[in-house]
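Participant: Mind having a look at this structure? Questions to follow.
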């Protein structure tokens, strides 16, 4: 989808083939959203190019919502780059520019080089000396903006907001999403050759259509996370849900199909009414709409946390083993009136561990409830759409 006021590059009046820029970001929901400022910078720098994003098909609607991508070309979610790495689709070959927003290399660099672009924008790595050095401690949003800046493409790391999906109610019909690339560690933010993924929606289920603005004014709880280390205990989420409903709040639960059982357990523990659990019942745009219409989102270190940032919805975010300086929100962090409040014990750990991180367990239900009251006083951010 082309941005408003820009003629799609592939439909120019002279009918000549538009030069193409291919971007690799075959990761998950949060990974895509943290790359939006870089994608928009590329769009501004290459207004006549056709920008094609290599990413999981389920993320295509959100990529279009950014206004920075002409087309998403479906590729598998590259959580771990296999050996050998399967080639990218032939239609992505021969671009004017290839941009690696996927990882530090060298595997992802080789994957793009095999498409024979005229120019490759990537971090310096081994046989690829042209580019800035990878910083493992850098914030994920700023990382990709710095990469493009070093290649002459200025980006605004705060350019994160997305418009609310048009014509969508609070539910959806299928669940979308992706995963991450890797072979690397999430320690310190990011990985050596990929995103950290997880926490995103996967393939979907049917049927939540519950009417226009069904989530308007609700508090959305998202209990899932990609690993146990980042998953706050379900009984604590239930305590928050019970306190919120006792105070007259309406609570909705979100999650991927794989998290539907966890969300159902939460609904049961909190004695939530039928219809409160949307886990596995929303596609990626349905999920975005639920988050956009909510009064507040409570989530762990997941893709839904980034979606709350993108939609400008007040959020309380529960961080454990990974520091928010690597994956937390870059906007809405005014200490006096935060829109996005991060709760973190200040220690790092293994983000892939099976058990909840000890620092995450220091976060109490009361701290979350206090956070909800605080961010709700700030209100949503202004956004287009």
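The values are calculated or read from the model by the stated rules, or taken from the named source; none is laboratory data. Keep in mind that this is a model prediction, so the values were computed, not measured. Cβ atoms come from the backbone with ideal geometry, glycine included; neighbour counts cover every protein chain shown.
Participant: Against the conditions (1) closer than 23 Å to residue 60 by Cα; (2) surrounded by 19 or more Cβ atoms within 10 Å (Cβ to Cβ); (3) modelled with pLDDT under 95, where does residue 214 fall short? Just the number, please.
Facilitator: (1)
Participant: Just a yes or no: is a residue in segment 150-161 within 25 Å of residue 256 (Cβ to Cβ), assigned to a loop (DSSP other than H, G, I, E, B), under 18 Å from the mean Cα position of the chain (by Cα) and touching a residue at least 24 places away in the same chain (Cβ under 8 Å)? So that I can check it myself, show each step before the final result.
Facilitator: Quick first cut of segment 150-161, residues within 25 Å of residue 256 (Cβ to Cβ) only: 160-161.
If we keep only those that are assigned to a loop (DSSP other than H, G, I, E, B) as well, we get 160-161.
Among the residues that remain, those that are also under 18 Å from the mean Cα position of the chain (by Cα) are: 160-161.
Filter again for touching a residue at least 24 places away in the same chain (Cβ under 8 Å), leaving 160-161.
The answer is yes, given that some residue of segment 150-161 is within 25 Å of residue 256 (Cβ to Cβ), assigned to a loop (DSSP other than H, G, I, E, B), under 18 Å from the mean Cα position of the chain (by Cα) and touching a residue at least 24 places away in the same chain (Cβ under 8 Å).
Participant: Could we say that residue 181 is modelled with pLDDT of 50 or more and more than 29 Å from residue 375 (Cα to Cα) here?
Facilitator: On the way: modelled with pLDDT of 50 or more: no; more than 29 Å from residue 375 (Cα to Cα): yes.
In short, no.
Participant: Modelled with pLDDT of 95 or more and either farther than 17 Å from residue 33 by Cα or loosely packed, with under 15 Cβ neighbours inside 10 Å (or both), is that true of residue 83?
Facilitator: On the way: modelled with pLDDT of 95 or more: no; either farther than 17 Å from residue 33 by Cα or loosely packed, with under 15 Cβ neighbours inside 10 Å (or both): yes.
Answer is no for this residue.
Participant: Let me ask you something else. Suppose we filter segment 254-286 for residues that are in a helix (DSSP H, G or I), touching a helix residue (DSSP H, G or I) at 6+ places or on another chain (Cβ under 7 Å) and in contact (Cβ under 8 Å) with a residue 60 or more places away in the chain; how many remain?
Facilitator: Restricting attention to segment 254-286, the residues satisfying the condition of being in a helix (DSSP H, G or I) are 257-270, 284-286.
Pick out the ones that are also touching a helix residue (DSSP H, G or I) at 6+ places or on another chain (Cβ under 7 Å) and you get 262, 265-266, 269-270, 284-285.
From the residues that got through so far, the ones that are in contact (Cβ under 8 Å) with a residue 60 or more places away in the chain too are 284-285.
Counting residues in segment 254-286 that are in a helix (DSSP H, G or I), touching a helix residue (DSSP H, G or I) at 6+ places or on another chain (Cβ under 7 Å) and in contact (Cβ under 8 Å) with a residue 60 or more places away in the chain gives 2.
Participant: Test residue 346 against the stated conditions and say whether it is surrounded by fewer than 23 Cβ atoms within 10 Å (Cβ to Cβ), modelled with pLDDT of 95 or more and at positive phi. Let's see the steps before the verdict.
Facilitator: Working: surrounded by fewer than 23 Cβ atoms within 10 Å (Cβ to Cβ): yes; modelled with pLDDT of 95 or more: yes; at positive phi: yes.
In short, yes.
Participant: Could you list, in sequence order, the residues of segment 340-358 that are within 30 Å of residue 292 (Cβ to Cβ) and part of a helix (DSSP H, G or I)?
Facilitator: none
Participant: Kindly indicate whether residue 39 is in contact with a strand residue (DSSP E or B) (Cβ under 8 Å, 6 or more places away or on another chain) and assigned to a loop (DSSP other than H, G, I, E, B). Write out each step before concluding.
Facilitator: Numbers: in contact with a strand residue (DSSP E or B) (Cβ under 8 Å, 6 or more places away or on another chain): yes; assigned to a loop (DSSP other than H, G, I, E, B): no.
The answer is no for residue 39.
Participant: To continue, here is another question. Can you report the number of residues in segment 291-325 which are surrounded by 24 or more Cβ atoms within 10 Å (Cβ to Cβ) and either part of a helix (DSSP H, G or I) or modelled with pLDDT under 95 (or both)?
Facilitator: Residues flagged as surrounded by 24 or more Cβ atoms within 10 Å (Cβ to Cβ) and either part of a helix (DSSP H, G or I) or modelled with pLDDT under 95 (or both) within segment 291-325 amount to 13.
Participant: When you check residue 30 against the structure, is it surrounded by fewer than 24 Cβ atoms within 10 Å (Cβ to Cβ) and either within 28 Å of residue 257 (Cα to Cα) or at pLDDT 95 or above (or both), yes or no?
Facilitator: Details: surrounded by fewer than 24 Cβ atoms within 10 Å (Cβ to Cβ): no; either within 28 Å of residue 257 (Cα to Cα) or at pLDDT 95 or above (or both): yes.
For residue 30, the condition - surrounded by fewer than 24 Cβ atoms within 10 Å (Cβ to Cβ) and either within 28 Å of residue 257 (Cα to Cα) or at pLDDT 95 or above (or both) - is not met.
Participant: If you don't mind, another one. Please state which one of 89, 127 is surrounded by fewer than 17 Cβ atoms within 10 Å (Cβ to Cβ), more than 23 Å from the chain's Cα centre (by Cα), modelled with pLDDT under 95 and over 28 Å from residue 322 (Cβ atoms). Quick ask: steps written out before the conclusion?
Facilitator: On the way: 89 fails: modelled with pLDDT under 95.
The unique qualifying residue is 127.
Participant: Got a number for residues in segment 242-253 being out of contact with any helix residue (DSSP H, G or I) (no Cβ under 6 Å at 6 or more places or on another chain) and on the phi < 0 side of the Ramachandran plot?
Facilitator: Quick first cut of segment 242-253, residues out of contact with any helix residue (DSSP H, G or I) (no Cβ under 6 Å at 6 or more places or on another chain) only: 244-250, 252.
Among the residues that remain, those that are also on the phi < 0 side of the Ramachandran plot are: 244-247, 249-250, 252.
Qualifying residue count, segment 242-253: 7.
Participant: Give the number of residues within segment 33-53 that are closer than 18 Å to residue 123 by Cα and surrounded by fewer than 24 Cβ atoms within 10 Å (Cβ to Cβ).
Facilitator: Count: 2.
Participant: Within segment 76-98, can one find any residue that is in contact with a helix residue (DSSP H, G or I) (Cβ under 8 Å, 6 or more places away or on another chain) and within 17 Å of residue 42 (Cα to Cα)?
Facilitator: Checking segment 76-98: at least one residue is in contact with a helix residue (DSSP H, G or I) (Cβ under 8 Å, 6 or more places away or on another chain) and within 17 Å of residue 42 (Cα to Cα).
Participant: Residue check: is residue 261 within 23 Å of the chain's Cα centre (by Cα) and either modelled with pLDDT of 95 or more or over 27 Å from residue 163 (Cβ atoms) (or both)?
Facilitator: So residue 261 fits the description; yes.
Participant: Next question. Given the criteria in contact (Cβ under 8 Å) with a residue 40 or more places away in the chain, closer than 19 Å to residue 21 by Cβ and in contact with a strand residue (DSSP E or B) (Cβ under 8 Å, 6 or more places away or on another chain), does residue 78 qualify?
Facilitator: Answer is no for this residue.
Participant: Identify, please: which residue in segment 61-76 is surrounded by fewer than 21 Cβ atoms within 10 Å (Cβ to Cβ) and within 15 Å of the chain's Cα centre (by Cα) and is, among those, farthest from residue 303 (Cα to Cα)?
Facilitator: 64
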